[in-house]
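Participant: Structure below; questions to follow.
Any read-out appearing in this document is the output of simple, stated calculations on the displayed coordinates, not a laboratory observation. The shown structure was predicted, so the numbers you read here are calculated from the model rather than taken from an experiment. For neighbour counting, all protein chains shown are included, and Cβ atoms are generated from backbone atoms with ideal geometry for every residue, glycine included.
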């Protein structure tokens with residue numbers, strides 16, 4: 001049977017022995033993690049598609065960081081205004097009794113974390129979720145590792161379950177999306193609907209209700225067969241090494257993409273955040289008043305959100321230009337040191353949603369979007385990332401993404417509307433952003449037709 005990682009009987013027996021030693025005296029709910037150091041390497045873990053539908057993936061290709069989590073040792077979900085508080089409590093409970101045998105590896109076990117844009121939305125994925133994978137395959141610092149995790153109460157049979165999770169999908173079990181790309185260009189009806197929504201937003205801005213609101217639209221492409229998430233992720237890695245490549249899979253759907261934006265990173269008391277707004281593509285100029293205005297709103301909002309939580313906060317005097325494959329953005333990196341007692345969940349709750357994905361003022365913009373029926377698939381414009389046992393972690397804003405189900409893939413993109421915005425220009429901005437996923441889909445279709453990588 002093909003596997004993502006082949007383990008000898010000797011290695012499996014050693015894993016069992018280490019697990020039994022780790023479990024001595026542990027409560028039934030304690031998490032036990034045993035790590036194998038796999039030596040030097042740079043694997044992205046996508047050479048074979050995993051058989052498990054429950055998985056998470058996180059990669060920073062330009063930093064040589066890749067993580068593939070399979071199955072679930074534990075998972076917690078939440079929704080509503082207190083969703084981040086609930087996940088914070090869940091993490092504290094997990095971390096408080098999480099035992100680890102590092103096996104000489106410097107790689108720490110982590111929990112995957114993600115949430116939708118709106119606190120009350122529902123769909124194929126939970127509104128907010130924190131989960132520790134049963135098997136975590138990781139690459140960082142030029143070394144590879146495998147971490148195996150189980151609750152102490154379930155350690156009997158854990159090694160067998162880990163082996164099953166390492167199984168790869170059989171060849172031919174997936175199809176390409178070549179046939180799904182017909183009809184991608186937006187029709188007149190979609191453009192008219194967009195124009196009407198932009199006009200309603202401009203009317204609200206003119207009336208003083210808002211200063212900015214971010215509207216989104218989606219393309220839904222039908223599928224002739226099951227598509228390989230691993231193949232799409234591999235294309236995104238090739239085409240967007242400067243971005244964060246992410247995926248979360250459930251029984252019902254896979255949400256995946258390549259985002260340029262970090263919501264927040266936190267390690268040893270240091271916080272980092274991206275103020276990213278203003279977009280240009282092709283020959284479009286980036287240095288225009290509309291983009292500068294959007295960027296200034298995001299910078300001010302992040303500063304306002306972080307200042308009460310930070311002892312120090314620093315940012316450059318002017319935005320930089322973030323160059324991507326097909327797009328350019330104004331970017332202001334913000335860094336600081338938090339006050340005692342502040343953790344990652346406190347930072348997420350203060351920062352999300354930024355004006356880059358919601359609008360300004362934040363509560364008024366989100367309320368306007370709810371009243372006008374804004375629907376965002378999966379965790380689009382929410383967040384996805386990881387957190388370790390010590391509370392260090394990183395959350396990316398879930399952009400340039402798609403929600404993949406058995407029958408279709410839905411691709412969302414948005415644009416910020418401010419006074420002076422033109423509907424046709426903002427529509428073309430969404431088209432430029434959709435090109436991230438459409439390009440990966442086309443590359444996957446081309447590879448399937450030619451048999452090349």
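Participant: Can you compute the modelled spin-label distance between residue 203 and residue 43, with each label point 7 Å from Cα toward Cβ, in nm?
Facilitator: 5.8 nm
Participant: Evaluate the distance, in nm, between pseudo-label points positioned 7 Å from the Cα of residue 281 and of residue 26 along their respective Cα→Cβ axes.
Facilitator: About 4.8 nm, to one decimal.
Participant: Would you mind computing the Rg to Rh ratio of the stretch 201-336 from its alpha-carbon coordinates, Kirkwood style for Rh?
Facilitator: In the stretch 201-336, Rg relative to Rh is 1.02.
Participant: Where does helix 362-371 land angle-wise versus the long Cα axis of the chain, in degrees 0 to 90, nearest 10?
Facilitator: With both axes taken from Cα atoms, the answer is about 90 degrees.
Participant: What spacing in nm lies between the two simple spin-label points modelled at residue 419 and residue 164, each 7 Å away from Cα in the Cβ direction?
Facilitator: 6.2 nm
Participant: Mind checking the angle between helix 289-306 and the chain's longest principal axis? C-alpha axes, 0 to 90 degrees, to the nearest 10.
Facilitator: Once rounded, the angle reads 50 degrees.
Participant: Still on this structure: Multiplying the sequence separation of residue 192 and residue 407 by 0.36 nm and subtracting their Cα-Cα distance, what value in nm do you get?
Facilitator: Full-extension gain reported as 74.7 nm.
Participant: First obtain the Kirkwood hydrodynamic radius of the stretch 1-119 from its Cα pairs, then insert it into the Stokes-Einstein equation at 4 °C and 1.567 mPa s, and state the resulting D in µm² per second as a whole number.
Facilitator: Approximately 77 µm²/s, per Stokes-Einstein.
Participant: DSSP beta bridges in the chain, what fraction antiparallel, as a percent rounded to 5?
Facilitator: Counting only bridges with both partners in the chain, antiparallel ones make up about 95 percent.
Participant: Relative to the first principal axis of the alpha-carbon coordinates of the chain, what is the inclination of helix 9-23, with its axis defined by its Cα atoms, in degrees from 0 to 90 and to the nearest 10?
Facilitator: Orientation of helix 9-23: about 80 degrees from the principal axis.
Participant: Counting other C-beta atoms within 10 Å, which of 159, 214 has the fewest, and how do the rest follow?
Facilitator: 159, 214
Participant: Exposure proxy check: 243, 8, 218 ranked by fewest other beta carbons within 10 Å?
Facilitator: Numbers: 243 24, 8 8, 218 18.
With the fewest neighbours first, 243, 8, 218 line up as 8, 218, 243.
Participant: In what order do 418, 75 fall by count of nearby beta-carbon atoms within 10 Å, going from fewest to most?
Facilitator: Starting with the residue having the fewest Cβ neighbours, the order is 75, 418.
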